[in-house]
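> Before we start, here is the structure in question, set down as C-alpha cells.
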Amino acid sequence: MTEAYTSPETTVEIPRKYYKAIEKFKLEPAEVEVYLELVRELLTLKKEKEKNSSNFEASFIILKEISAKAHQLLEFVKEKKITLAEIDVSTYDSFYAITIIDQQMYINVSRYGKQSLLDETDQPIASDIDSIDGPIKIGENLCFSTSNTGESPTIFHGTKKTVLDKYDDIREPVEIDGKAYFIVKNNSSNYEIVDEDGQSLIGEWMELKVPAYLNGKTYYLIKDSTGKWALIANAENGYIAEYKDIYPPVEIGDSLYFKAFDDNGKYFVINEKGERIGNEYVDVIRITDIGGKPYLTVKGEDGRTTVVNEKGVPQIPGFIVVGSPAKIGEEVYFRMGNNAHSWRLVDSSKREIVGGLDFVGEPKDIGGKVACLVVDKNGKWKIVDHDGKFIHETYLNGIDQVKRYFIDYKNPVDINGNIAVIARKANQKWVVVNHLGEESSDEFKIIHSLKHENGKTILIAEKNHKVIKQQLFL
C-alpha cells in the first residue's frame with residue numbers, strides 16, 4: 001500500500017546563491033520578501049522529495065509540485081507575477097459565471113446543454129446538471145443548488161446534501177444570520193422559503209423576494225392573494241407595510257431601506273418599521289449609503305433627477321441624468337449631466353473636479369481621494385484623478401520610449417493607496433497599468449476582475465481559451 005503524501009509546512013535555510021537574484025533582478029524590499037518565501041517553499045519541496053525517494057507515488061506528486069513552484073519563482077523574478085490557477089475552458093460551449101470567494105475562484109461552465117461547477121484546480125464540484133445556482137459562501141462552507149428535469153431540486157452546503165422532494169423549482173441560496181435559505185416553488189405553484197434541511201419557514205405565498213436579516217429579525221417580502229406585496233418580520237402575524245410593490249432592501253447603518261410603489265403611481269422609501277423616508281417621487285432610482293445615512297437618487301415631476309438626503313432635501317439641482325453619489329474622505333461626490341458635453345463631477349462643497357464631458361463614471365476611492373472613468377467630448381474613454389487631470393492618456397514604454405495610447409478603460413482600482421487601471425490597447429488586448437504607467441507583462445482577451453485584498457493583488461482574466469488567476473506586484 002502506497003503511503004499518502006501531504007505537502008510539508010516546514011521551512012528551510014536559504015543558501016547564499018539564491019540571494020544573487022535579488023540584485024540581478026533589482027527586486028524591491030517588498031518583492032524580496034515574496035521571493036524568499038517562494039525559494040523556501042521550493043527548497044522545502046526538494047527536501048521532501050529526498051525523504052520520499054523510496055515512495056514512487058509521493059515522489060511523482062512532489063516532482064510536479066517542484067516544477068510548478070520553480071515556474072512560479074521564475075515567473076515572479078522576471079515578470080513580477082505569480083500564476084495561481086489556470087483553467088482550460090476550450091472544451092466547454094461557454095462559461096457563464098466566475099465567482100470569487102475568499103480569493104478562491106469558481107467557474108460555472110456548460111457543455112451540450114448541461115452545466116458544471118469547477119474549482120480553481122479544474123476539478124468539478126458538480127457536473128452535468130440542467131441548472132446550477134450559486135455558489136456563495138455561507139458560514140464556513142460553499143453553498144449552491146441544482147435542478148434536473150424530472151427530478152427534485154437539491155441543496156449542497158459543505159458536505160451536506162438535501163433533496164427537496166416536495167418542490168419543483170429552486171432559486172439561488174441566500175444567507176440569513178450565517179445560515180442558508182432558499183426560495184422554492186412547491187407542487188401547488190406557490191412559493192416558500194426553506195432552510196438547508198428543507199424545512200419551510202413562512203408557509204405558502206403567491207410569490208416571494210429575497211429576505212433580509214437585521215438585529216435578530218428576518219424580514220420577508222411576500223405577495224398575498226390580493227396581489228399586493230407585504231413586509232413582515234419573523235413570520236409574525238400582521239403586516240409592517242403593504243403596497244403594490246416592495247423591492248429588496250439596502251442595509252445602511254442600523255436600518256433596512258425598501259423602495260416601494262403604491263396605487264397612486266408614486267415611488268417612495270420605507271424602513272424596516274414601515275416608516276417613510278423622504279417624499280414621493282416619479283421614481284426612486286437607487287438608495288446609496290453615504291456615511292451611514294440613506295441618500296436617494298430620485299426623479300421628480302419635472303422629469304429631472306436629483307439626489308436627496310433622508311429628510312428629502314435636495315443635495316444638487318435637477319439634471320436629466322444623475323449617477324449614484326459616493327462618499328470619499330470627507331467629501332460626497334456627485335456626477336450629473338443634461339446632454340452631450342455637459343457631464344461633470346462636483347463635491348459637496350460645490351467644487352467642480354471636472355466638467356464638459358460626455359459621461360462621468362462612478363467615483364472610486366483611491367487612497368482616500370477620488371478618481372473615475374470618463375468619456376471626453378471627443379468620445380474617448382479616459383481616467384480622471386482628484387485634481388481633474390487625465391492620467392495614462394499616453395505613456396512612454398520603458399524599453400523603446402515609443403508613445404502609445406489606450407483606447408478604452410474600466411473603472412480605476414485602489415492598489416495600496418495607488419491608482420491602477422484596466423486598459424485596452426490598440427490591438428484590442430487588455431492590460432493592467434499601475435500608477436507609474438507600467439503595464440502588466442501579459443495581455444488578455446478579457447479582464448474580469450482586479451482586486452487588492454488581504455495584502456494581495458489578484459487578477460482574474462481570460463487568455464488563449466483559459467481562465468487565469470494571477471497575483472500581481474504593481
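Every read-out reported here was derived from the displayed coordinates using simple, explicitly stated rules and does not represent laboratory data. Source: prediction; values computed, not measured. Positions of Cβ are backbone-derived with ideal geometry, glycine not excepted, and every protein chain shown enters the neighbour counts.
> For the chain, what is the relative contact order in percent, using Cα pairs closer than 8 Å and at least 6 residues apart in sequence? Working shown, then result.
Numbers: 1037 pairs, mean separation 32.1, N = 474.
Relative contact order of the chain: 7 percent.
> Then there's this: Under 13 Å from the Cβ of G178, count the other residues' Cβ atoms, weight Lys and Arg +1, Asp and Glu -1, and hand me the total.
Taking every Cβ under 13 Å from that of G178, the sum is -3.
> Where the centre of each part is set by its Cα atoms, how far does the stretch 290-310 sit from the stretch 220-265, in angstrom?
Here the answer is 20 Å between Cα centres.
> Assuming a strict under-16 Å limit between Cα atoms, what lysine pair count do you get for the stretch 35-136 once near-sequence pairs (fewer than 8 apart, same chain) are dropped?
Final tally of qualifying lysine pairs is 10.
> Can you tell me how much longer the chain between H465 and N416 gets when fully stretched, taken as 0.36 nm per residue apart minus their C-alpha distance, in nm with one decimal?
Numbers: separation 49, 0.36 × 49 = 17.64 nm, distance 3.08 nm.
My answer for the length gained is 14.6 nm.
> Here's something else I'd like to know. Report the gain in length on full extension from N55 to K451: 0.36 nm times residue separation, minus Cα-Cα distance, nm rounded to one decimal.
Going from the current span to full extension adds 138.5 nm.
> Something else: When a footprinting reagent is the concern and you count Cβ atoms within 10 Å, what order do I353, I202, I155 take, fewest first?
Final ranking by Cβ density, sparse to dense: I202, I353, I155.
> Just subtract the alpha-carbon distance of K273 and S349 from 0.36 nm times their residue separation and send over the number in nm, one decimal.
24.0 nm
> With r defined as the distance between the Cβ atoms of D408 and A340 and R0 fixed at 22 Å, what FRET efficiency is calculated, to the nearest 0.05?
After rounding, the FRET efficiency stands at 0.70.
> Sticking with this structure for a sec: Using only the Cα atoms of the chain, build the gyration tensor, take square roots of its eigenvalues as a ≥ b ≥ c, and label the shape rounded, prolate or oblate: rounded if a/c is under 1.5, else prolate if a/b is larger than b/c, else oblate.
oblate
> At T159 and I125, where each label point lies 7 Å from the Cα along Cα→Cβ, what is the point-to-point distance in nanometres?
1.7 nm
> Another question, then. Please report, in debye to the nearest 20, how large the charge dipole of the stretch 16-79 is about its Cα centre when each Lys and Arg carries +1 at its beta carbon and each Asp and Glu carries -1 there.
360 debye
> Something else about it: Fewest Cβ neighbours within 10 Å first, please rank R171, R335, R351 accordingly.
In increasing order of surrounding Cβ atoms, one gets R351, R171, R335.
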